[in-house]
Amino acid sequence: MATGTDGGLLDSPKPQSVYKHGILDQYVIQFAMMTASKLTPKRSVLVDGFAGRGRFDSKEPGSAEYMMLAAQKAKSNTTIDLLLVEKAPAEYSSLNAVADEYRNRGIRIDSYNGECGDHLGDALKLAAGASLFVFLDPCGAVLPMGAVRDLLQARRTWPRTEVLLNFNADLIRRAGGQLKKGQFDLHGVAQADRVCGGDWWRNVALRAYEASGGQNWESAADAVAVEYARRLTDGTPYGSVVAPVRRQVHHQPVYYLIFLTSQPHGFWVFGVSAAKAREKWITFLGPDTDEAATMLWDTVDEQLSREHAKSIQHITENLRSLTADGQPKKAVDHVTAIFGDLYGEAKETAFTAALRGLVKSGEFVYVTKGSKPRDFIFRRAS
């Protein structure tokens with residue numbers, strides 16, 4: 001079983017961590033406070049199943065410490081308890097030392113040196129009567145599908161439960177290539193079988209690869225990630241979104257973040273948080289060298305501005321399609337239809353700009369303009 005992605009990054013966060021840490025920084029405190037608000041006591045549990053060291057040598061927080069910080073910030077209003085798991089002994093020692101700092105501030109943190117899958121029962125026990133957020137971000141393969149499904153089935157829909165997991169795009173691309181060449185001795189195929197809960201992914205990957213004209217395995221990884229999420233939630237009250245994480249919109253995914261929730265509000269707030277985190281990530285990376293080669297002047301701000309303009313165009317067309325039946329639509333109930341392929345990338349302001357433009361042109365009207373964009377109700381003008 002892999003350790004967390006923070007596990008071997010000793011000096012400072014790498015780009016792939018900056019994005020995910022941005023999401024945790026934005027989202028987990030919102031999840032905890034929103035979902036615990038109707039519970040007595042107001043309590044939420046955050047789980048990091050591959051927690052790594054907890055903190056980088058540069059003193060910047062890792063994924064686990066972002067959760068600890070959320071617990072500290074929310075302390076006066078909501079109790080946030082943590083459960084952290086890390087397999088590697090050296091990484092666990094560092095993690096536990098960071099956890100001790102927060103324990104001394106009154107935060108409950110249960111930490112385990114072991115396999116993530118061995119402690120899901122402990123997570124369920126700790127989260128009895130509380131909302132639960134589970135983050136699964138290993139360096140390699142995530143937990144077998146059956147373990148995640150069992151968690152969803154055990155929790156049902158109340159108190160609220162959400163899961164964010166990293167689905168390894170490189171594993172599927174590598175395993176697909178080995179499958180095509182019959183290289184079963186390299187173990188990638190077997191590893192993908194374990195992650196996917198069977199060999200169903202093989203036909204999905206091969207069909208997508210062939211449909212691409214045998215040019216690359218990117219479409220295969222896309223298809224497998226989407227089908228994985230569907231199978232993971234099939235027969236449960238949960239829905240899923242698959243957010244490809246790219247360096248730029250024209251690059252193939254580095255990995256996929258699969259987000260599971262039973263609530264439309266969860267999809268909206270998570271997507272907004274992911275888009276903000278992605279902007280921070282792009283800023284961290286600096287200008288895209290592919291685009292810089294063709295531009296006289298090229299900065300991150302210019303890249304983000306171009307992306308934002310494209311997002312507004314994309315969402316404008318999605319809104320036209322969504323309202324083609326003439327019926328009023330409440331934004332929060334149609335998250336994926338509104339953001340489409342740019343879910344987790346396009347900012348909430350791209351949605352409000354697109355809708356405002358359609359209203360200004362006379363094509364749309366507001367039925368209700370709520371306090372938050374997700375509460376807007378709109379329809380086509382008569």
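See the values below:
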| read-out | value |
| --- | --- |
| The one condition in (1) under 18 Å from Pro61 (Cα atoms); (2) surrounded by 15 or more Cβ atoms within 10 Å (Cβ to Cβ); (3) at pLDDT 95 or above; (4) not hydroxyl-bearing (Ser, Thr, Tyr) that Ala127 fails to fulfil | (1) |
| Residue match in the stretch 78-87 (condition: farther than 25 Å from Leu257 by Cα and touching a residue at least 12 places away in the same chain (Cβ under 8 Å)) | yes |
| Count of the stretch 318-373 residues which are more than 24 Å from Tyr256 (Cα to Cα), of a type outside the set (A, V, I, L, M) and assigned to a helix (DSSP H, G or I) | 7 |
| Count of the stretch 97-115 residues which are within 19 Å of Lys59 (Cα to Cα) and surrounded by 19 or more Cβ atoms within 10 Å (Cβ to Cβ) | 3 |
| Test: residue in the stretch 158-167 that is touching a helix residue (DSSP H, G or I) at 6+ places or on another chain (Cβ under 9 Å), farther than 27 Å from Ala123 by Cβ and surrounded by fewer than 23 Cβ atoms within 10 Å (Cβ to Cβ) | no |
| Strands (runs of 3 or more DSSP E) contained entirely in the stretch 153-261, each with at least 2 residues that are in contact with a His (Cβ under 6 Å, 6 or more places away or on another chain) | none |
| Residue, surrounded by the fewest Cβ atoms within 10 Å (Cβ to Cβ), within the stretch 338-360, restricted to residues that are basic (Lys, Arg) and more than 18 Å from the chain's Cα centre (by Cα) | Lys360 |
| Among residues of the stretch 171-196, those that are more than 23 Å from Ala147 (Cβ to Cβ) and either within 22 Å of the chain's Cα centre (by Cα) or small (Gly, Ala, Ser) (or both), counted | 4 |
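Conditions (1) touching a residue at least 60 places away in the same chain (Cβ under 8 Å); (2) on the phi > 0 side of the Ramachandran plot; (3) over 21 Å from the mean Cα position of the chain (by Cα), marked per residue:
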position: Lys75; (1), (2), (3): no, no, yes
position: Ile107; (1), (2), (3): no, no, yes
position: Asp110; (1), (2), (3): no, no, yes
position: Leu126; (1), (2), (3): yes, no, yes
position: Asp137; (1), (2), (3): yes, no, no
position: Arg156; (1), (2), (3): yes, yes, no
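The values are calculated or read from the model by the stated rules, or taken from the named source; none is laboratory data. Fair warning: this is a prediction, and the values are worked out from it, not measured in the lab. A quick note on method: Cβ atoms are made from the backbone with ideal geometry, for glycine too, and the neighbour counts reach across all protein chains shown.
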